[in-house]
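Below is one structure, written out as structure tokens, with a few remarks after it.
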Amino acid sequence: MIISIASGKGGTGKTLVATSLAISVSAKEKVQLLDCDVEEPNDHLFLRPVITTSETVSIPIPKVDYAKCNFCGECARVCAYKAIAVVPGSVLVFDQLCHGCGACSYLCPENAIYEEGREMGVVESGNAGDIEFVQGRLTVGEAMAVPVIRRVKTKINRDKLAILDISPGTSCPVVEAIENSDYCLLVTEPTPFGLHDLELAVETVRQLGIPCGVIVNRAVSGETLVHEYCIREGIPVLLDIPLDRGIAHLYSEGVTLAEGIPQWQDAFTNVYTEIKEALHERSRCA
Amino acid sequence: MKEVVVLSGKGGTGKTSIAGCFAALAHDKVMADCDVDAADLHLLLQPVDKQREEFWSGQIAHIDKSTCTKCGLCEELCRFDAIHNFQVSRASCEGCGFCARICPVNAVTMQDNMAGHWYISDTKYGPLVRARLGIAQENSGKLVALVRQQARKITEDKGYSTIITDGPPGIGCPVISSLSGADLALLVTEPTVSGVHDLERVIEVCRHFNVPATVCINKYDINEEKASKIEEHCADVGIKVAGKIPFDTAVNRAVAHGVPLVEYDEGPAAGEIKQLWKNIEDLISPD
């Protein structure tokens, strides 16, 4: 089963939920935690995994074999990203603009283009106790997170519970990461910012046809904005984590809630049970 | 004209709350919300929209079922794994057009893609430019560039001196687009293991693009030991810490009321943010 931990707004507690859920469930089941927030991966700070393998993620970019090239300009014409310019006697390739689609090399009439990998980041795998750990890391200065996310997702093992920690937002890297999940846990906070961005996140998962539930982090009694919204929309609120200086301090030190205050393990295990029941119910109705 | 961009690497460290205060504190400025995925600044500035425009960007492949012979070549050649069962996944298609070029029966066409909207509005603090990228869209960097371009145009037309940009989290495409060519990046962090880790990465991005940076530690008293570590790290890499804001529940209350903190309260966090803006003004002033 694949559960994604997402939120429209950043800093609502995705990492807290992903790591604590992984630890709590791993007492009974085989769990994988895959950090898909490749721009700012943080799960490793809390789980301190032993990394055993590291592989480079690269995209294929064009190189010109000048022995064959006759400067016809077809490669520049077929490039949708304007990553190639042909001038007399030279073909300029702008590596940062290239998405690695392969059109230029395939369509070159002289077969004069070959491809070389350009490094975008790394995917690291290892173990944190019983948890199988995978994370992607985008190279600083690179703009495209999607190729790194795709590679992380190739490590998903459907025989285990795969927990995916997603980056904030609703654009292409987020959708790429969430797609094909069985369930999406949306973490939010009970402020107008939290609610506004939760609405965007709900719209996103609904478009993808993925069932979702909400965890309200930094919950304050009386702040019912998010709860009222969830009732209106028929979205279950699976857990409230209170606004609490002790919890904030644990987080600041890199200690998971499930380990810092072990009583929370039951709460996270219950969240997992509720998700399984919801999915079971859904498949029965389908 | 000086452009200050508020960034953080890690989300939820307080970028928008701080940028909202700057809107109230700065004179003769235009506000730009470059978090085009999840723009929130308007929730504090209560804008009245004057102009709403569509953002068209890139293309998406479309397969005409009646022409398609199901030969499978497009699916085989697509590097983005965007074609399954002779259908295009809008989320995965990167608009390269390779499939349209190689389809033996011309069943694939490339269609222009409406990727979002952008808005120019008035607020009691001055003009605001913001945008909303459509769900699952790419090219957030281009939309960010458009927001900044509009903000610059308004600033010039009005003869204003400053642009304050509320940036997106992360270090990827929209962040690079928000940052490049700005005069100063204010990096808002928090004293947590994640805050420290993400700050180091966003500092590297500023370096990479040659934008001077300064740091603000928000909620520094949640973990003073981590806060000192951040200060040490900043000193090591030659970056000034321009502000330290204490944990203050008034920040949440101001957000709940939909006003910038400095307009709502005169407590410790508001005081520190006022001083922070003074320090930023010193950093961007010509002498």
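Just so it is clear, none of the values below were taken in a lab; they were calculated from the coordinates. Keep in mind that this is a model prediction, so the values were computed, not measured. Cβ: placed from backbone, ideal geometry, glycine included. Neighbour counts: every protein chain shown.
Rounded to the nearest 10 degrees, the angle from helix B:15-25 to the longest Cα principal axis of chain B is 60 degrees. Between the range B:1-64 and the range A:22-76, the C-alpha centres lie 29 angstrom from each other. The mean number of Cβ atoms from other chains found within 10 Å of a Cβ in peptide A:163-169 is 4, as a whole number. Computed packing ranks the peptides B:54-66, B:16-28 as B:16-28, B:54-66, most packed first, by mean other Cβ atoms within 10 Å.
A Förster radius of 51 Å, combined with the Cβ-Cβ distance separating A:S90 from A:N127, puts the computed FRET efficiency at roughly 0.55.
To the nearest 10 degrees, how steep is helix B:268-284 against the longest Cα principal axis of chain B, on a 0 to 90 scale? The helix B:268-284 is inclined about 70 degrees to chain B. Lacking any other cysteine beta-carbon closer than 4.7 Å, the following Cys residues of chain B have no compatible partner: B:C21, B:C34, B:C68, B:C71, B:C78, B:C93, B:C103, B:C173, B:C206, B:C216, B:C234.
For the pair B:E266 and B:T249, label points projected 7 Å from Cα toward Cβ lie 2.2 nm apart.
Among the cysteines of chain A, A:C36, A:C69, A:C72, A:C79, A:C98, A:C108, A:C172, A:C230, A:C285 have no other cysteine beta carbon within less than 4.7 Å of their own. With N the number of residues in the protein assembly as shown, Rg(Cα) / (2.2 N^0.38 Å) evaluates to 0.97.
Converting phi to 3J(HN,Hα) with the Karplus coefficients 6.51, -1.76 and 1.60 and the offset θ = phi - 60°, the range A:172-184 yields 4, x, 5, 5, 4, 6, 6, 3, 6, 6, 7, 8, 10 Hz in sequence order, with x at every glycine or proline. Per-residue ellipticity at 222 nm from helix content only, as computed over chain B with -39500 (n - 2.57) for each DSSP H run of at least four residues, stands at -11000 deg cm²/dmol.
Calculated mean residue ellipticity, 222 nm, chain A: -10500 deg cm²/dmol, from DSSP H runs (n ≥ 4) at -39500 (n - 2.57) each, averaged per residue and rounded to 500.
For the segment A:194-205, counting C-beta atoms of other chains within 10 Å of every residue's C-beta and taking the mean gives 3.
Round to the nearest 0.05 the FRET efficiency obtained for A:K82 and B:W56 when R0 = 25 Å and r is the Cβ-Cβ distance. If you can, show how the numbers build up before the last one.
Working: r = 16 Å, r/R0 = 0.66.
E(calc), rounded to 0.05, equals 0.90.
Counts of other chain beta carbons within 10 angstrom of each beta carbon in peptide A:2-14 average 4. The tail of the calculated P(r) for chain B beyond 23 Å holds 58 percent of all Cα-Cα pairs. Here the range A:240-286 and the range A:153-221 have alpha carbon centers that stand 14 Å from each other. Taking a point 7 Å out from the Cα of B:E224 in the direction of its Cβ, the residues of the range A:251-283 whose backbone N falls within less than 20 Å of it are A:251-254. Each peptide in A:66-77, A:93-104 receives the mean, over its residues, of other Cβ atoms within 10 Å, and ordering these scores from highest gives A:93-104, A:66-77.
Helices assigned as whole DSSP H runs in chain A whose Cα atoms extend at least 30 Å along their own long axis and whose mean Kyte-Doolittle hydropathy is -1.0 or higher are found at A:264-285. Taking label points 7 Å from Cα along the Cα-to-Cβ direction, B:D122 and A:E203 give a separation of 2.6 nm. About its Cα centre, the protein assembly as shown has a charge dipole of approximately 1100 debye under the convention of +1 per Lys or Arg Cβ and -1 per Asp or Glu Cβ, with nothing else charged. Using Cβ point charges alone (K and R +1, D and E -1), the dipole size of chain A about the Cα centre works out to roughly 500 debye.
Per residue, how big is the convex hull of the range A:66-111 when only Cα atoms are used? Give it in Å³. Could the numbers behind the result be given before it?
Values: hull volume 3.1 nm³, N = 46.
Expressed per residue, the convex hull around the Cα atoms of the range A:66-111 is 67 Å³.
Label sites at A:H249 and A:K276, each approximated as a point 7 angstrom past Cα along Cα to Cβ, lie 3.6 nm apart.
Could you please state, rounded to a whole Å, how far the C-alpha centre of the range B:84-103 is from the C-alpha centre of the range B:218-236? Value for the Cα centre distance between the two parts: 48 Å. Seen against the Cα atoms of chain B and their longest principal axis, helix B:224-236 is set at about 80 degrees. The protection proxy used here, the mean number of other Cβ atoms lying within 10 Å of each residue, ranks peptides B:249-255, B:232-238, B:177-183, A:260-266 as follows, highest first: B:177-183, B:249-255, A:260-266, B:232-238.
So what's the range A:91-245 giving for Cα Rg divided by 2.2 N^0.38 Å, two decimals? Numbers along the way, then the final one.
On the way: Rg = 20.3 Å, N = 155, 2.2 N^0.38 = 15.0 Å.
Against the empirical 2.2 N^0.38 Å value, I get 1.35 for the range A:91-245.
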